[in-house]
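This report refers to the structure that appears directly beneath it.
The values are calculated or read from the model by the stated rules, or taken from the named source; none is laboratory data. None of the values given here were measured: they were computed from a predicted structure. Every residue, glycine among them, receives a Cβ derived from its backbone with ideal geometry; neighbour counts consider all protein chains shown.
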Amino acid sequence: MMIDEQASIRSIIEALKTNKAEAVAKEIDGISQKPFLTALKAAGYKYNTKAPLGWHYVGEGVEPLDKSIFDFHVKKSRSPTVHQ
């Protein structure tokens with residue numbers, strides 16, 4: 001599987017044609033499976049369990065193939081502790 005340095009949606013969708021999401025997420029530094037799947041969905045992709053199987057773009061506008069998965073990955077920040 002070949003994910004480009006940018007972790008572009010194009011290379012990820014290509015990798016997902018022959019690999020499970022868990023395996024693809026492991027190939028990308030800085031993201032784990034759950035945030036990876038959340039980012040794919042935020043980019044407008046949905047997994048179809050019926051023919052044709054696989055990830056398909058269902059978002060609005062132009063498919064973001066040349067954007068990085070990190071453009072859609074939102075890290076949750078820790079809530080500041082409030083001291084009283």
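Between a first residue in the range 6-19 that is under 20 Å from Gly59 (Cα atoms) and a second residue that is basic (Lys, Arg), which pairs have beta carbons less than 8 Å apart while being 6 or more apart in sequence or on different chains?
Ser8/Lys67; Ile9/Lys67
Restricted to the range 11-32, and to residues that are within 14 Å of Phe72 (Cα to Cα) and surrounded by fewer than 17 Cβ atoms within 10 Å (Cβ to Cβ), which residue is modelled with the lowest pLDDT?
Gly30
Pull out all pairs, ordered by first then second residue, where Cβ-Cβ is under 6 Å, the residues are six or more apart or on different chains, the first lies in the range 51-63 and is touching a residue at least 12 places away in the same chain (Cβ under 8 Å), and the second is hydroxyl-bearing (Ser, Thr, Tyr).
If the second residue must be hydroxyl-bearing (Ser, Thr, Tyr), the pairs left are Trp55/Tyr45; Trp55/Tyr47; Tyr57/Tyr45; Glu63/Tyr57.
Taking the range 18-34 only, how many residues are within 17 Å of Asp66 (Cα to Cα) and not hydrophobic (A, V, I, L, M, F, W, C)?
0
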